[in-house]
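Please treat every number below as a calculation from the coordinates, not as lab data. What you see is a predicted model; the values in this text were computed from it and never measured. So basically every Cβ, Gly included, is an ideal-geometry build from the backbone, and we count neighbours across all protein chains shown.
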Amino acid sequence: MAGIEVSALHKRYPDGTVAVDRVDLSIGDGELFVMLGPSGCGKTTTLRAIAGLERQTSGDIHIGDTLLNDLEPAERDIAMVFQFYALYPHLRTRDNLAFPLRAEGLPAAEVRERVDEAARMMKLEKLLDRRPNRLSGGEQQRVALARALVRRPRAFLMDEPLTNLDAELRADMRTEIKHLQAELGTTMVYVTHDQVEAMSLGHRIAILNQGRVEQVGTPLEVYQRPASLFCAGFIGSPPMNLLEVEVADGALRAPGGLTLTPPPGLPRDRQLVAGVRPEALEVTQPGAEGAVPARIVSAEALGDEIIYVVDHGGERDVRVRMPPTVRFGEDAPVGLRHAGGTPPVYDTTTEELVA
Ligand SMILES: Nc1ncnc2c1ncn2[C@@H]1O[C@H](COP(=O)(O)OP(=O)(O)OP(=O)(O)O)[C@@H](O)[C@H]1O
Ligand SMILES: [Mg+2]
């Protein structure tokens, strides 16, 4: 086992597309590290470079003390699982699992032992004699994961391995992958564009945008203090409300009269935007203490919560998350107030966190 160091990784494809733009990542030994970002931001390219399936234009990749740059994929001791299962259709589960081990020339007894162990971990014991066309999508993906396991690699790379599964199965498999990684303690880099998946799986998350790393942090850190407006818009559903604010009399004032507590160290003479989570706002009865007059534009009841869209006389309506017991009808006159805490504040020009 070992950590992975990616230094100034750069990938320009022959047609001139820069897919990865001087990316640095320091992935700890035994860490479950998630790379999150929108389609085309360079996740797969980064992963393929680590696996050796794509040669980088420049930059270094280490696993442990080993420089990987000039090693063939097979020499890197890393297993990759793809979005599509890529099982051999004519082979039974048992032989799909054994294939990479036989290719390495391991003795038959050891192959059997490792296949049995991986089958047990991925709960495939009853499916060992079936071919892929008699397995469900989830079962096929479990076989694909087990095939990565049998090799006992120094690291796992997962490229959106759950994308083709339905929501329920996805949630189950997510839990299984998390337990598996914890049990094995093997370093894992997991790629997804699904922020919920990233938040629930990752020890840490790297948020990528246009080939660059915008933020690396724990799920809590990236949720509470997104490093840029891009990250603020990407994490959370619904995302943060971005309110243009001015500093006056020691407070942050947003259009419509909403007042927020400023974080310390705010720069002067810059256009600022405060990021306010939907749960950091509160819809009240009209005239409640500290509330500005507002109106419900729409309400979306989601069972365990209600998302209100609220017009408070600002430039944009805001979204507010409330418990399902607090009911206001559409068009109802209400109050809106900030429920507390200090919001992260961004520079409108640089789009970066300033305080
Ligand atoms: N072989 C290639 N030649 C030219 N450009 C490519 C090639 N492969 C990928 N790209 C481009 O590089 C960028 C990054 O692609 P990549 O596949 O790494 O993105 P991704 O983050 O994995 O996206 P997705 O979430 O859609 O899988 C994109 O702009 C893509 O169009
Ligand atoms: Mg991809």
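Loop sites here are GluC sites (Glu not before Pro) outside DSSP states H, G, I, E and B with no more than 13 other Cβ atoms within 10 Å. The longest part of the chain free of them is 1-288. Each Lys and Arg contributes +1 and each Asp and Glu -1, all at the Cβ; summed about the Cα centre of the chain, the dipole is approximately 960 debye. For the range 4-233, the residue among Ala182, Gly233, Leu97 whose Cα projects farthest onto the positive side of the dipole built from Cβ charges is Leu97. Counting only residues at least eight positions apart within a chain, or on another chain, the lysines with an alpha carbon under 20 Å from that of Lys11 are Lys43. Close amide H partners of Leu272, meaning residues 5 or more places away or on another chain with modelled amide H under 5 Å apart, are Val245, Thr348. Only Lys, Arg, Asp and Glu carry charge here, each on its Cβ (+1 for the first two, -1 for the last two); on that basis the range 1-154 has a dipole of about 860 debye about its Cα centre. Overall form of the range 54-177: oblate. Here a/c, set by the Cα gyration tensor axes a ≥ b ≥ c, is 1.5 or more, and a/b is not larger than b/c. Considering only Pro38, Pro14, Pro226, the mean-square fluctuation computed in a Gaussian network model of the chain, springs between alpha carbons under 10 angstrom, is largest for Pro14. Overall, the range 209-355 carries a charge dipole of about 140 debye about its Cα centre when +1 sits on the Cβ of Lys and Arg and -1 on the Cβ of Asp and Glu, all other atoms neutral. Projecting the Cα atoms of Ala144, Val320, Gln224 onto the charge dipole of the chain (Cβ charges, centred on the Cα centre) puts Ala144 farthest toward the positive pole. The label-point distance for Gln210 and Asn69, in a model that sets each label 7 Å from Cα toward Cβ, rounds to 2.8 nm.
Straight-line reach only, C-alpha to C-alpha below 20 angstrom: list the aspartates and glutamates that Lys123 could link to, leaving out same-chain residues fewer than 8 apart. Of all the aspartates and glutamates, those that pass the test against Lys123 - Cα under 20 Å, at least 8 places apart if same chain - are Asp95, Glu110, Glu113, Glu139, Asp166, Glu168, Asp172, Glu176, Glu183. Sorted fewest first by neighbouring Cβ atoms within 10 angstrom, Met158, Met322 come out as Met322, Met158. When only Cα pairs below 8 angstrom with a gap of at least 6 residues are kept, the range 271-352 shows a relative contact order of 43 percent. Each of Val6, Ala118, Leu336 was scored by the projection of its Cα onto the charge dipole of the chain, and the greatest displacement toward the positive side belongs to Ala118; charges sit on the C-beta of Lys, Arg, Asp and Glu.
Applied to the range 328-338, the Karplus parametrisation 6.51 cos²θ - 1.76 cosθ + 1.60 on θ = phi - 60° returns per-residue 3J(HN,Hα) values of 10, x, 4, 6, 5, x, 9, x, 9, 9, 7 Hz, with x for Gly and Pro.
Taking 26 Å as the straight-line reach from the Cα of Lys126, the lysines in range (excluding those fewer than 8 positions away in the same chain) are Lys178.
Our compactness index for the chain, the C-alpha radius of gyration over the empirical 2.2 N^0.38 Å, is 1.19.
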